[in-house]
Amino acid sequence: MLMYLFFLIMLLMAIVVNEKNARYILAGYNSMPSIERRQFELKKFLKFFKNYLLILAVSYLVIGSILFQIFDNANIGILFSVLYPIFGFFLLIYRSLSYYRNTSKTNLLVLGVGMAIIIAIINAIFIGLSNPTIKLNDNKLFISGPYGQILDINDIVAIEKISAPIQTKKISGFQMGNVRKGKFEFPNNEIVTIISTTDKNYLRIITKSSKYIIDFDSVLQTKINEKLKKL
(Lines give C-alpha, C1' and ligand atoms only; values in the text may rest on other atoms or scores of the structure.)
Protein backbone atom coordinates (compact mmCIF):
# COMPACT_ATOMS: atom_id res chain seq x y z
CA MET A 1 0.00 0.00 0.00
CA LEU A 2 1.18 3.51 -0.86
CA MET A 3 0.79 4.74 2.72
CA TYR A 4 3.11 2.08 4.18
CA LEU A 5 5.71 2.72 1.47
CA PHE A 6 5.86 6.45 2.25
CA PHE A 7 5.92 5.68 5.99
CA LEU A 8 8.95 3.42 5.56
CA ILE A 9 10.74 6.00 3.39
CA MET A 10 10.29 8.74 6.00
CA LEU A 11 11.28 6.38 8.83
CA LEU A 12 14.43 5.27 7.02
CA MET A 13 15.40 8.88 6.32
CA ALA A 14 15.09 9.67 10.02
CA ILE A 15 17.18 6.65 11.01
CA VAL A 16 19.85 6.54 8.31
CA VAL A 17 21.07 10.16 8.21
CA ASN A 18 23.78 10.87 10.81
CA GLU A 19 26.86 13.04 11.33
CA LYS A 20 29.12 10.63 9.45
CA ASN A 21 27.11 10.40 6.21
CA ALA A 22 25.43 13.82 6.26
CA ARG A 23 28.13 15.33 4.02
CA TYR A 24 27.19 12.79 1.36
CA ILE A 25 23.40 12.46 1.55
CA LEU A 26 22.00 15.52 3.33
CA ALA A 27 20.79 17.99 0.68
CA GLY A 28 22.09 21.52 1.14
CA TYR A 29 24.75 20.49 3.63
CA ASN A 30 26.55 18.23 1.15
CA SER A 31 26.97 21.10 -1.32
CA MET A 32 28.37 23.59 1.20
CA PRO A 33 31.97 24.80 0.98
CA SER A 34 34.12 23.15 3.65
CA ILE A 35 34.42 26.43 5.60
CA GLU A 36 30.62 26.86 5.84
CA ARG A 37 30.21 23.18 6.69
CA ARG A 38 32.49 23.56 9.72
CA GLN A 39 30.41 26.50 10.92
CA PHE A 40 27.09 24.70 10.39
CA GLU A 41 25.36 23.45 13.56
CA LEU A 42 25.01 19.90 12.28
CA LYS A 43 24.16 18.24 15.60
CA LYS A 44 21.40 20.72 16.30
CA PHE A 45 20.02 20.42 12.77
CA LEU A 46 20.09 16.60 12.78
CA LYS A 47 18.18 16.54 16.08
CA PHE A 48 15.47 18.73 14.50
CA PHE A 49 15.59 16.79 11.22
CA LYS A 50 15.23 13.34 12.80
CA ASN A 51 12.55 14.36 15.29
CA TYR A 52 10.55 16.08 12.57
CA LEU A 53 10.66 13.05 10.25
CA LEU A 54 9.76 10.64 13.06
CA ILE A 55 6.75 12.76 14.02
CA LEU A 56 5.77 13.12 10.36
CA ALA A 57 6.07 9.37 9.73
CA VAL A 58 4.15 8.28 12.83
CA SER A 59 1.39 10.90 12.43
CA TYR A 60 1.10 9.98 8.76
CA LEU A 61 0.60 6.29 9.58
CA VAL A 62 -1.82 6.90 12.47
CA ILE A 63 -4.00 9.50 10.73
CA GLY A 64 -3.97 7.52 7.49
CA SER A 65 -5.03 4.31 9.25
CA ILE A 66 -7.91 6.14 10.96
CA LEU A 67 -9.08 7.66 7.68
CA PHE A 68 -9.03 4.25 5.96
CA GLN A 69 -11.19 2.86 8.78
CA ILE A 70 -13.69 5.74 8.75
CA PHE A 71 -14.08 6.27 5.00
CA ASP A 72 -14.84 3.43 2.64
CA ASN A 73 -13.38 5.38 -0.25
CA ALA A 74 -10.03 4.57 -1.86
CA ASN A 75 -9.69 8.07 -3.33
CA ILE A 76 -9.70 9.74 0.10
CA GLY A 77 -6.92 7.42 1.22
CA ILE A 78 -4.86 8.11 -1.90
CA LEU A 79 -5.38 11.88 -1.56
CA PHE A 80 -4.12 11.77 2.02
CA SER A 81 -1.24 9.45 1.11
CA VAL A 82 -0.01 11.93 -1.50
CA LEU A 83 -0.82 15.36 -0.05
CA TYR A 84 0.21 14.82 3.58
CA PRO A 85 3.86 13.94 2.77
CA ILE A 86 4.07 16.75 0.18
CA PHE A 87 2.92 19.35 2.69
CA GLY A 88 5.07 17.76 5.42
CA PHE A 89 8.26 17.85 3.35
CA PHE A 90 7.55 21.39 2.21
CA LEU A 91 7.25 22.48 5.84
CA LEU A 92 10.48 20.60 6.61
CA ILE A 93 12.33 22.46 3.87
CA TYR A 94 10.94 25.81 4.99
CA ARG A 95 11.83 25.27 8.65
CA SER A 96 15.28 23.99 7.66
CA LEU A 97 16.08 27.35 6.06
CA SER A 98 16.60 28.89 9.50
CA TYR A 99 19.71 26.68 9.93
CA TYR A 100 21.23 27.97 6.71
CA ARG A 101 22.42 31.46 5.84
CA ASN A 102 19.37 32.62 3.93
CA THR A 103 17.79 36.05 3.81
CA SER A 104 14.15 36.71 4.62
CA LYS A 105 13.56 37.30 0.89
CA THR A 106 14.85 33.80 0.14
CA ASN A 107 12.57 32.34 2.81
CA LEU A 108 9.57 34.18 1.42
CA LEU A 109 10.44 33.04 -2.10
CA VAL A 110 10.66 29.41 -1.00
CA LEU A 111 7.37 29.77 0.90
CA GLY A 112 5.61 31.36 -2.09
CA VAL A 113 6.90 28.85 -4.64
CA GLY A 114 6.18 25.92 -2.34
CA MET A 115 2.61 27.01 -1.66
CA ALA A 116 2.00 27.64 -5.35
CA ILE A 117 3.19 24.11 -6.21
CA ILE A 118 1.04 22.54 -3.48
CA ILE A 119 -2.04 24.49 -4.61
CA ALA A 120 -1.41 23.49 -8.24
CA ILE A 121 -1.10 19.81 -7.25
CA ILE A 122 -4.29 19.93 -5.15
CA ASN A 123 -6.17 21.70 -7.94
CA ALA A 124 -5.02 19.16 -10.55
CA ILE A 125 -6.04 16.23 -8.31
CA PHE A 126 -9.50 17.63 -7.57
CA ILE A 127 -10.12 18.37 -11.26
CA GLY A 128 -9.11 14.82 -12.06
CA LEU A 129 -11.36 13.36 -9.35
CA SER A 130 -14.40 15.48 -10.23
CA ASN A 131 -17.40 13.72 -11.74
CA PRO A 132 -17.86 14.47 -15.45
CA THR A 133 -21.20 15.82 -16.66
CA ILE A 134 -22.65 13.64 -19.39
CA LYS A 135 -25.53 15.04 -21.45
CA LEU A 136 -27.35 13.92 -24.55
CA ASN A 137 -28.52 16.88 -26.62
CA ASP A 138 -30.08 16.29 -30.03
CA ASN A 139 -27.64 13.96 -31.79
CA LYS A 140 -24.60 14.79 -29.67
CA LEU A 141 -23.28 13.13 -26.52
CA PHE A 142 -21.38 15.67 -24.44
CA ILE A 143 -18.88 14.49 -21.81
CA SER A 144 -17.43 17.39 -19.80
CA GLY A 145 -14.00 17.76 -18.23
CA PRO A 146 -10.37 18.08 -19.36
CA TYR A 147 -10.56 14.61 -20.94
CA GLY A 148 -14.13 15.01 -22.16
CA GLN A 149 -15.47 14.14 -25.57
CA ILE A 150 -18.24 15.12 -27.95
CA LEU A 151 -19.65 12.09 -29.72
CA ASP A 152 -21.97 12.21 -32.70
CA ILE A 153 -24.82 9.72 -32.34
CA ASN A 154 -24.52 8.98 -36.06
CA ASP A 155 -20.99 7.65 -35.42
CA ILE A 156 -22.03 5.26 -32.63
CA VAL A 157 -22.06 1.63 -33.74
CA ALA A 158 -22.96 -0.01 -30.43
CA ILE A 159 -23.45 0.69 -26.72
CA GLU A 160 -23.39 -1.99 -24.02
CA LYS A 161 -23.15 -2.49 -20.27
CA ILE A 162 -19.90 -4.12 -19.11
CA SER A 163 -18.16 -5.02 -15.87
CA ALA A 164 -14.91 -3.46 -14.68
CA PRO A 165 -12.47 -3.05 -17.61
CA ILE A 166 -8.89 -4.19 -17.09
CA GLN A 167 -6.28 -2.04 -18.79
CA THR A 168 -2.58 -2.84 -18.94
CA LYS A 169 -1.28 0.72 -18.79
CA LYS A 170 -2.17 4.39 -19.04
CA ILE A 171 -1.20 6.07 -22.29
CA SER A 172 -2.21 9.60 -21.29
CA GLY A 173 -4.56 11.25 -18.83
CA PHE A 174 -5.32 10.93 -15.12
CA GLN A 175 -5.55 7.87 -12.88
CA MET A 176 -5.98 7.73 -9.12
CA GLY A 177 -7.61 4.81 -7.34
CA ASN A 178 -10.71 3.83 -9.28
CA VAL A 179 -10.82 7.15 -11.14
CA ARG A 180 -9.60 6.91 -14.73
CA LYS A 181 -9.76 9.65 -17.33
CA GLY A 182 -7.79 9.47 -20.55
CA LYS A 183 -6.48 6.89 -22.99
CA PHE A 184 -5.62 3.41 -21.74
CA GLU A 185 -4.16 0.34 -23.40
CA PHE A 186 -5.91 -3.02 -23.01
CA PRO A 187 -4.36 -6.53 -23.06
CA ASN A 188 -5.13 -6.89 -26.78
CA ASN A 189 -3.15 -3.67 -27.49
CA GLU A 190 -6.42 -1.84 -28.05
CA ILE A 191 -6.47 1.86 -27.08
CA VAL A 192 -9.69 2.90 -25.31
CA THR A 193 -10.74 6.27 -23.84
CA ILE A 194 -12.01 5.79 -20.28
CA ILE A 195 -13.85 8.53 -18.40
CA SER A 196 -14.95 7.01 -15.10
CA THR A 197 -14.99 7.84 -11.40
CA THR A 198 -16.47 4.59 -10.02
CA ASP A 199 -15.54 0.92 -9.73
CA LYS A 200 -18.95 -0.52 -10.52
CA ASN A 201 -20.63 -1.06 -13.89
CA TYR A 202 -19.74 0.76 -17.08
CA LEU A 203 -21.04 1.63 -20.52
CA ARG A 204 -18.87 0.80 -23.50
CA ILE A 205 -19.56 2.98 -26.51
CA ILE A 206 -18.18 1.84 -29.83
CA THR A 207 -17.98 4.39 -32.62
CA LYS A 208 -16.79 4.05 -36.19
CA SER A 209 -13.28 5.13 -35.22
CA SER A 210 -12.84 4.70 -31.45
CA LYS A 211 -14.04 3.04 -28.26
CA TYR A 212 -15.10 4.77 -25.04
CA ILE A 213 -15.93 3.57 -21.54
CA ILE A 214 -17.98 5.72 -19.16
CA ASP A 215 -19.86 5.11 -15.90
CA PHE A 216 -23.05 3.11 -16.32
CA ASP A 217 -26.28 5.08 -16.68
CA SER A 218 -29.33 3.03 -17.63
CA VAL A 219 -31.34 6.12 -18.63
CA LEU A 220 -28.56 7.35 -20.90
CA GLN A 221 -28.18 3.91 -22.45
CA THR A 222 -31.91 3.74 -23.20
CA LYS A 223 -31.94 7.22 -24.76
CA ILE A 224 -28.96 6.46 -26.99
CA ASN A 225 -30.46 3.14 -28.10
CA GLU A 226 -33.72 4.88 -28.95
CA LYS A 227 -31.87 7.39 -31.10
CA LEU A 228 -29.85 4.65 -32.78
CA LYS A 229 -33.05 2.83 -33.74
CA LYS A 230 -34.28 5.94 -35.54
CA LEU A 231 -31.19 6.20 -37.72
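The values are calculated or read from the model by the stated rules, or taken from the named source; none is laboratory data. Owing to the predicted nature of the structure, the values given are computational and were not obtained by experimental measurement. With ideal geometry, Cβ positions are generated from the backbone for all residues, glycine too; neighbour counts draw on all protein chains shown. Heavy atoms of the whole protein, side chains included, go into the accessibility calculation; ligands, DNA and RNA do not. Shrake-Rupley method; radii C 1.70, N 1.55, O 1.52, S 1.80 Å.
Here is how the numbers come out for the structure above:
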{"quantity": "Carbon + sulfur, % of accessible area of the chain - ligands and nucleic acids excluded, 1.4 Å", "calculated": "60 percent"}
{"quantity": "Span-rule helices in the chain, defined as complete DSSP H runs reaching 27 Å or more along the axis (Cα) with Kyte mean at least -1.0", "calculated": "42-70, 74-96, 104-129"}
{"quantity": "Cβ-placed point charges (K, R +1; D, E -1), dipole of region 171-231 about Cα centre in debye, nearest 20", "calculated": "300 debye"}
{"quantity": "Helix-only CD estimate at 222 nm, as mean residue ellipticity for the chain, using -39500 (n - 2.57) per DSSP H run (n ≥ 4)", "calculated": "-17000 deg cm²/dmol"}
{"quantity": "Positive dipole terminus of region 1-151, leading residue within ALA14, GLY148, ASN131 (C-beta point charges)", "calculated": "ALA14"}
{"quantity": "THR198 accessible area, 1.4 Å probe, all protein chains in place, Å² to nearest 10", "calculated": "40 Å²"}
{"quantity": "With at most 14 other Cβ atoms within 10 Å, longest stretch of the chain clear of loop trypsin sites (Lys or Arg not before Pro) (DSSP)", "calculated": "102-199"}
{"quantity": "Dipole axis of region 70-188 (+1 Lys, Arg; -1 Asp, Glu on Cβ), positive-most option in GLY77, LEU97, ALA116", "calculated": "LEU97"}
{"quantity": "Cβ-placed point charges (K, R +1; D, E -1), dipole of region 89-183 about Cα centre in debye, nearest 20", "calculated": "500 debye"}
{"quantity": "Top positive-direction residue, dipole computed over region 17-83 with Cβ charges, set LEU42, TYR52, GLY64", "calculated": "LEU42"}
{"quantity": "Percent antiparallel among DSSP beta bridges (both partners in the chain, rounded to 5)", "calculated": "90 percent"}
{"quantity": "Mean-position separation - Cα centroids, region 150-219 and region 1-40, in angstrom", "calculated": "44 Å"}
